[in-house]
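> One structure follows; several queries about it will come next.
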């Protein structure tokens with residue numbers, strides 16, 4: 001069973017964000033055939049806050065879309081995922097796909113054990129299962145979409 005701790009430090013729009021993030025994470029958890037009681041924390045933040053976190057923990061002084069901290073102790077806590085809402089909105093618009101899809105992609109970011117292609121496959125399956133598949137993406141191929149989602153040219 002997956003428990004999601006959801007903290008919105010960005011605004012008061014919890015109802016707009018939580019259902020998508022919850023559906024995608026639960027489906028990804030099923031897709032990965034994960035077992036046992038697990039907990040993940042998803043924290044929505046501003047661009048300024050994610051820049052502060054990036055500077056403090058990664059020594060990179062710039063805004064990014066998502067930062068995740070994996071829990072390495074083997075307990076039920078998977079880790080924390082910080083998502084910059086303004087950056088996620090910009091990326092969704094730039095790539096021509098729904099904001100909900102971008103949130104889903106960023107939320108699945110916490111699976112450090114997956115290489116980028118596997119992460120994209122898990123996300124694609126999860127989004128298809130909840131009815132928000134990749135059909136709306138203009139980028140053509142999953143590899144190009146993965147590159148676009150991380151600000152790289154295909």
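> Being closer than 13 Å to residue 4 by Cβ and not in a loop (DSSP other than H, G, I, E, B) is the requirement here; does residue 41 meet it?
On the way: closer than 13 Å to residue 4 by Cβ: yes; not in a loop (DSSP other than H, G, I, E, B): yes.
So residue 41 passes the test.
> Looking at residue 116, is it within 22 Å of residue 29 (Cα to Cα) and modelled with pLDDT under 60? Give the derivation first.
Numbers: within 22 Å of residue 29 (Cα to Cα): yes; modelled with pLDDT under 60: yes.
Spelling it out, residue 116 is indeed within 22 Å of residue 29 (Cα to Cα) and modelled with pLDDT under 60.
> In segment 66-108, how many residues are part of a loop (DSSP other than H, G, I, E, B) and either within 15 Å of residue 21 (Cα to Cα) or out of contact with any strand residue (DSSP E or B) (no Cβ under 6 Å at 6 or more places or on another chain) (or both)?
Number satisfying all stated conditions: 7.
> Output the residue which, of all residues in segment 60-79 that are in contact with a helix residue (DSSP H, G or I) (Cβ under 8 Å, 6 or more places away or on another chain) and either in contact (Cβ under 8 Å) with a residue 40 or more places away in the chain or over 23 Å from residue 10 (Cα atoms) (or both), is surrounded by the fewest Cβ atoms within 10 Å (Cβ to Cβ). Don't jump to the end; show me each part of the working.
The first filter runs over segment 60-79 and keeps only residues in contact with a helix residue (DSSP H, G or I) (Cβ under 8 Å, 6 or more places away or on another chain), leaving 60-70, 78-79.
Retained after the next criterion (residues that are either in contact (Cβ under 8 Å) with a residue 40 or more places away in the chain or over 23 Å from residue 10 (Cα atoms) (or both)): 65-66, 68, 70, 78.
Numbers: 65: 22, 66: 22, 68: 20, 70: 13, 78: 23.
Checked segment 60-79; the qualifying residue surrounded by the fewest Cβ atoms within 10 Å (Cβ to Cβ) is 70.
> Consider residue 48 carefully, then state whether it is assigned to a helix (DSSP H, G or I) and within 16 Å of residue 20 (Cβ to Cβ).
no
> If you don't mind, there's one more thing I want to ask. Assuming residue 69 fulfils every condition listed in (1) at pLDDT 95 or above; (2) on the phi < 0 side of the Ramachandran plot apart from one, which condition is it?
For residue 69, the exception is condition (1).
> Also: Is it the case, given these coordinates, that residue 21 is closer than 18 Å to residue 99 by Cβ, buried (at least 18 other Cβ atoms within 10 Å of the Cβ), out of contact with any helix residue (DSSP H, G or I) (no Cβ under 8 Å at 6 or more places or on another chain) and modelled with pLDDT of 80 or more? Lay out the reasoning, then the answer.
Numbers: closer than 18 Å to residue 99 by Cβ: yes; buried (at least 18 other Cβ atoms within 10 Å of the Cβ): yes; out of contact with any helix residue (DSSP H, G or I) (no Cβ under 8 Å at 6 or more places or on another chain): no; modelled with pLDDT of 80 or more: yes.
It is false that residue 21 is closer than 18 Å to residue 99 by Cβ, buried (at least 18 other Cβ atoms within 10 Å of the Cβ), out of contact with any helix residue (DSSP H, G or I) (no Cβ under 8 Å at 6 or more places or on another chain) and modelled with pLDDT of 80 or more.
The values are calculated or read from the model by the stated rules, or taken from the named source; none is laboratory data. Computed from a prediction, not measured in an experiment: that's the story for all the values here. Because the Cβ atoms are built from the backbone with ideal geometry, glycine has one as well, and the counts that use them run over all protein chains shown.
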